[in-house]
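Read through the structure below, which is laid out as structure tokens, and then see the notes.
The values are calculated or read from the model by the stated rules, or taken from the named source; none is laboratory data. Owing to the predicted nature of the structure, the values given are computational and were not obtained by experimental measurement. Positions of Cβ are generated from backbone atoms using ideal geometry, with glycine treated the same way; all protein chains shown enter the neighbour counts.
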Amino acid sequence: MPERKGRIDSPTARGLDERALKYTASIAYDRRLYRHDLAGSIAHARMLAKQGIIAGDDAESIVRGLDEIRDEIERGEFPFREELEDIHLNIEARLQEKIGEGAGRLHTARSRNDQIATDMRLFAMEACDDAVLGIRGMQAALLDLADANQGAVMPGYTHLQRAQPVLFAHHLLAYFEMLDRDSGRFRDCRSRADELPLGAGALAGSPYPLDREFVASELGFSRVSRNSIDAVADRDFVVEFHASAATAMMHVSRLAEEIVLWSSDEFSFVCLPDAFATGSSIMPQKRNPDVAELARGRTGRVYGNLMAILTTLKGLPLAYNRDLQEDKQPLFDTVDTVLSTLETFAALLPALQVDGERMEAAARNSYMLATDLADYLVLKRTPFRQAHQIIGELVRYAEGEGKALSGLSLEEYRRFSPLFDDDVLTLDVHASIAARDVPGGTAPPRVTEALRAARERLREVA
Ligand code: ARG
């Protein structure tokens, strides 16, 4: 390969075929790890000096050089070079240009294998923190929407058939619970990512008298890895991040699907504000729920990323293999997707215009009180199975007459059971909702209390 002018030979890519170089280089995307990589190098250099492995002067000029490099990168002036493969070698080569020979001491007692594992863990821990914050924002938005529509009644569904009336706020709180579990998963993921690999070397450990605990505490890790082979081979924390993100996206996607349904003419439960509805290029009447649809669509991409990392890992012998470099792009993509989705939904939800009348009308215009009627008979000592059958016949009768349950007379009710009294005529969606007064039920006082408790939980995690 022709020697390129001004080229700094990579310690690893010397004489590499140009195609092989292009094929293996990761600098185009792993530059995103620059902050984590610099932090790791600075902590490592300080530790080497503290342990007398390199001179204090050398460590000082290394740290100064690395600080300058951070500024260069952030000003957009850093000369990234593909022939230097990855972020580690780009930074090291630049350090050499800045401080000369001393730069060569930074890589003492370190390998790119424990270096990249460290960078990735730092990145993943940060991403977990961001995801927890993003989830909090969306949870707060759900509560705002619920608060703004406290009394709204909607049909609750099973099989997408109107089943029993519920408070709209109760329905929204279901999503709050899902997101709460998601937040827990990201915290869990963070706690397992929180382990320092540096010191594992290439795979076997290091022959130098390292102070790994010092490096861990400099970088904000709460412990050091216990096995050097595992430390460089492990990407479970990446899998866990993807799995947590896939589950969170699945939840957002279910809500997205409901928003698509609710905003259709068929439901018309909500109206998307202009800021979140897109028009059609040919049909002027359209208000399309593109944000919800894309969240639903991108959920598929996030699932794909989970499959990608699992598949990458499944056949790898210990310890480090270059395949592991493939952990990055899907992770970056998933992080970006889940964070932007949470942020966008946090903005969209409080902006939804809810048509409470229309929702309540949908709850009234059906046979949703059938269960309540069965319960009515059960309270009068009819065995539940028998009550269920009686109400089944009553509903079929009403359907045949083209009447709503509320349109039947007491006389008609009595044809099906003599236990019916006047009070059956006062049964309505509000009575049905009020009756479900168990912990976790949709009775208004329960929901008010659930909203209060949810706010409280959000404050606790803040
Ligand atoms: N770019 C590599 C990665 O992302 C860094 C580690 C390279 N290690 C090696 N032995 N080639 O995994």
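In summary, V378 fulfils each of the numbered conditions (1) surrounded by fewer than 17 Cβ atoms within 10 Å (Cβ to Cβ); (2) within 16 Å of the ligand (Cβ to nearest atom); (3) among the aliphatic types (A, V, I, L, M) with the single exception of condition (2). Against the conditions (1) away from the ligand (no atom under 16 Å from the Cβ); (2) surrounded by fewer than 24 Cβ atoms within 10 Å (Cβ to Cβ); (3) at negative phi; (4) not charged (D, E, K, R), H107 satisfies every one except (1). The number of residues in region 427-450 that are farther than 15 Å from T371 by Cα and assigned to a helix (DSSP H, G or I) comes to 7. Screening S281 with (1) among the polar types (S, T, N, Q); (2) over 16 Å from M154 (Cβ atoms); (3) at pLDDT 95 or above gives one miss only, at (3).
Residue count for region 143-172, restricted to those that are out of contact with any strand residue (DSSP E or B) (no Cβ under 9 Å at 6 or more places or on another chain) and closer than 23 Å to T247 by Cβ: 3.
Does D336 qualify as being out of contact with any Lys or Arg (no Cβ under 6 Å at 6 or more places or on another chain) and without any contact (Cβ under 8 Å) to a residue 12 or more places away in the chain? Against the criterion (out of contact with any Lys or Arg (no Cβ under 6 Å at 6 or more places or on another chain) and without any contact (Cβ under 8 Å) to a residue 12 or more places away in the chain), D336 qualifies. Cβ-Cβ distances below 7 Å connect the following pairs, each with a first residue in region 311-330 that is under 18 Å from D114 (Cβ atoms) and acidic (D, E), a second residue that is assigned to a loop (DSSP other than H, G, I, E, B) and within 11 Å of the ligand (Cβ to nearest atom), and a separation of six or more residues or different chains: D327/R235.
In region 307-317 there is no residue matching the filter, namely being in a helix (DSSP H, G or I) and within 28 Å of D147 (Cβ to Cβ). Remark: L33 falls outside the filter, which requires a residue to be more than 16 Å from the ligand (Cβ to nearest atom), modelled with pLDDT of 95 or more and assigned to a helix (DSSP H, G or I). Among the conditions (1) surrounded by fewer than 20 Cβ atoms within 10 Å (Cβ to Cβ); (2) more than 19 Å from H242 (Cβ to Cβ), L313 misses just one, which is (2).
Selection of first residues in region 204-227 that are modelled with pLDDT under 95 and of second residues that are buried (at least 16 other Cβ atoms within 10 Å of the Cβ), restricted to Cβ pairs under 9 Å at least 6 apart or on distinct chains, gives an empty result. The set of residues in region 316-330 being closer than 18 Å to L122 by Cα and either within 11 Å of the ligand (Cβ to nearest atom) or surrounded by fewer than 17 Cβ atoms within 10 Å (Cβ to Cβ) (or both) consists of L324, Q325, E326, D327, K328, Q329. Quick check: anything in region 84-93 within 16 Å of the ligand (Cβ to nearest atom) and in contact with a Gly (Cβ under 9 Å, 6 or more places away or on another chain)? Checking region 84-93: at least one residue is within 16 Å of the ligand (Cβ to nearest atom) and in contact with a Gly (Cβ under 9 Å, 6 or more places away or on another chain). Evaluating G220 against the criteria (1) on the phi > 0 side of the Ramachandran plot; (2) within 22 Å of the chain's Cα centre (by Cα) leaves one unmet condition, (2).
I'd like the residue in region 110-129 that is away from the ligand (no atom under 12 Å from the Cβ) and within 19 Å of S217 (Cβ to Cβ) and, out of all such residues, is surrounded by the most Cβ atoms within 10 Å (Cβ to Cβ). It comes out as R121.
Exactly one residue out of V215, V132, V166, V232 is of a type in the set (V, I, T) and farther than 28 Å from Y29 by Cβ, and it is V166. In region 324-415, counting only helices (runs of 4 or more DSSP H) that sit wholly within it, the ones holding 1 or more residues that are among the polar types (S, T, N, Q) span 328-351, 370-379, 384-401. Is one or more of the residues making up region 85-97 in a loop (DSSP other than H, G, I, E, B) and either among the hydroxyl-bearing types (S, T, Y) or touching a helix residue (DSSP H, G or I) at 6+ places or on another chain (Cβ under 7 Å) (or both)? Checking region 85-97: at least one residue is in a loop (DSSP other than H, G, I, E, B) and either among the hydroxyl-bearing types (S, T, Y) or touching a helix residue (DSSP H, G or I) at 6+ places or on another chain (Cβ under 7 Å) (or both). Residues in region 141-157 that are in contact (Cβ under 8 Å) with a residue 40 or more places away in the chain and either touching a Lys or Arg at 6+ places or on another chain (Cβ under 7 Å) or surrounded by fewer than 18 Cβ atoms within 10 Å (Cβ to Cβ) (or both): L143, D144, D147, A148, Q150, G151, P155.
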